[in-house]
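Report on the structure given below.
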Amino acid sequence: MRKLAAFCDYFVILSGDSLRQVNAFAQGIQEDLQKQGIKPLSKVSPNDESGWVVLDYVSVIVHIFYKPMREFYSLERLWSDAKKVRLTKKSKV
């Protein structure tokens, strides 16, 4: 992202099958990173019903969508010039 936008290095984009799953992903990410001493710039409500949760970790911005919202906003299309990096369980960033 850095070549296209000065505000971050990476977008992480994922989606859940329900609002509950979206919130669980957000809570899990926040808890795991907090254990490592990494905190987001803002807090997210554990019962967010917007269908799009954003976790801002300065150089990495995590977008967690409810699937229909991801399709509607289509960030991948909006930022299609950005280099795509697909992560797997074995990936190391």
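Going through (1) under 22 Å from VAL85 (Cβ atoms); (2) at pLDDT 85 or above; (3) part of a loop (DSSP other than H, G, I, E, B) one by one, HIS63 falls short only on (3). Of the candidates GLU31, GLU49, the single residue that is at pLDDT 85 or above, of a type in the set (Asp, Glu), assigned to a loop (DSSP other than H, G, I, E, B) and more than 21 Å from ASP81 (Cα to Cα) is GLU49. Against the criterion of being of a type outside the set (Asp, Glu), surrounded by fewer than 17 Cβ atoms within 10 Å (Cβ to Cβ), more than 23 Å from GLY28 (Cβ to Cβ) and at pLDDT below 75, SER80 qualifies.
Take the conditions (1) of a type outside the set (Lys, Arg); (2) closer than 23 Å to THR88 by Cβ; (3) modelled with pLDDT of 85 or more; ASP9 misses just one of them, which is (3). Just a yes or no: is a residue in segment 51-58 under 21 Å from THR88 (Cβ atoms), in contact (Cβ under 8 Å) with a residue 24 or more places away in the chain and of a type in the set (Ser, Thr, Tyr)? Yes, segment 51-58 contains a residue that is under 21 Å from THR88 (Cβ atoms), in contact (Cβ under 8 Å) with a residue 24 or more places away in the chain and of a type in the set (Ser, Thr, Tyr).
Among the candidates ILE38, ILE13, single out the residue that is in a loop (DSSP other than H, G, I, E, B) and β-branched (Val, Ile, Thr). On inspection, the qualifying residue turns out to be ILE38. Residue check: PHE72 meets all listed conditions (1) in a loop (DSSP other than H, G, I, E, B); (2) over 14 Å from the mean Cα position of the chain (by Cα) but one, namely (1).
The values are calculated or read from the model by the stated rules, or taken from the named source; none is laboratory data. All values derive from a computational prediction rather than experimental measurement. Positions of Cβ are backbone-derived with ideal geometry, glycine not excepted, and every protein chain shown enters the neighbour counts.
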